Amino acid sequence: SGPFKASGRDTDGRFDLFVMDVPYAAGPPLHTHTAQEDSFYVVSGVLTLQLGDDIIELGAGDFASAAPGVAHTFTSARAEQTARMVNLMTPGIGFDQYIQQLNGASADEPGFMEKLNQEFGVEMVGPTLSQTLSLA
């Protein structure tokens, strides 16, 4: 069934919902969303989350949220485990399409990332959390 449980295309733009496993030292660069609140609920493991300048650890049952414009990123900082989280983004803009295009064949084309980030209201503003924490 994959990580995408609901897309803004299916929810009349109310939310995007993903369930994802975050392996050790994986995760996106520090970024912001123009219009979306990005919320994280940890199902298992420990998710290390950067919200603005703060770095926090979330265990199973913990929740955190990044308002639009707040820089954030995440990783699993523990080599022995993968973190599993539910990611809720509101409103729903079909963010599953962003992830699919990010992983697609055209991701290496010049200008592709800038266009994709602009289309989905994402701005990269810093390094990955694994780089910040010198994990890898």
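The values are calculated or read from the model by the stated rules, or taken from the named source; none is laboratory data. Because the structure is a prediction, the values reported are computed rather than measured. When we count neighbours, we look across all protein chains shown, and the Cβ atoms used for this are built from the backbone with ideal geometry, even at glycine. The area values use the complete protein model at the heavy-atom level, side chains included, leaving out ligands, DNA and RNA. Shrake-Rupley method; radii C 1.70, N 1.55, O 1.52, S 1.80 Å.
Overview of values
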| quantity | calculated |
| --- | --- |
| Long-range HN-HN contacts of SER44 with modeled amide H, under 5 Å | ARG84 |
| Formal net charge of residues neighbouring ALA66 (Cβ-Cβ distance under 10 Å; K, R +1; D, E -1) | -2 |
| FRET efficiency for PHE112 and ALA136, using Cβ-Cβ distance with R0 set to 25 Å, rounded to 0.05 | 0.55 |
| Percent accessible area from carbon and sulfur atoms, region 25-96, protein chains only, probe 1.4 Å | 54 percent |
| Karplus-derived HN-Hα couplings along region 2-14 (A = 6.51, B = -1.76, C = 1.60, θ = phi - 60°), whole Hz, x at Gly and Pro | x, x, 8, 9, 7, 10, x, 5, 9, 10, 6, x, 6 |
| Residue-averaged 222 nm ellipticity for the chain, from DSSP H runs of 4+ at -39500 (n - 2.57), nearest 500 | -4000 deg cm²/dmol |
| Karplus 3J(HN,Hα) series, Hz, for region 63-70 with 6.51 cos²θ - 1.76 cosθ + 1.60 (x for Gly, Pro) | 9, 8, 9, 10, 5, x, x, 8 |
| Ellipsoid semi-axes in whole angstrom, largest first, where each is sqrt(5λ) of the Cα gyration tensor of region 76-136 | 24, 17, 12 |
| Span from the region 102-136 Cα centroid across to the region 6-36 one, whole angstrom | 14 Å |
| Enclosed volume per residue, in Å³, of the convex hull spanned by Cα atoms of region 30-73 | 53 Å³ |
| Region 40-133: GluC sites (Glu not before Pro) in DSSP coil with no more than 12 other Cβ atoms inside 10 Å | GLU80 |
| Under Karplus coefficients 6.51, -1.76 and 1.60, residue-wise ³J(HN,Hα) of region 100-111 in Hz, glycine/proline x | 5, 5, 4, 8, x, 5, 7, 4, 8, 5, x, x |
| Residue-normalised accessible area of the chain, expressed per residue, 1.4 Å probe, Å² | 51 Å² |
| Long-range HN-HN contacts of VAL70 with modeled amide H, under 5 Å | HIS33 |
| Diffusion coefficient, µm² s⁻¹, Stokes-Einstein with Kirkwood Rh over alpha-carbon pairs of the chain at 4 °C and 1.567 mPa s | 86 µm²/s |
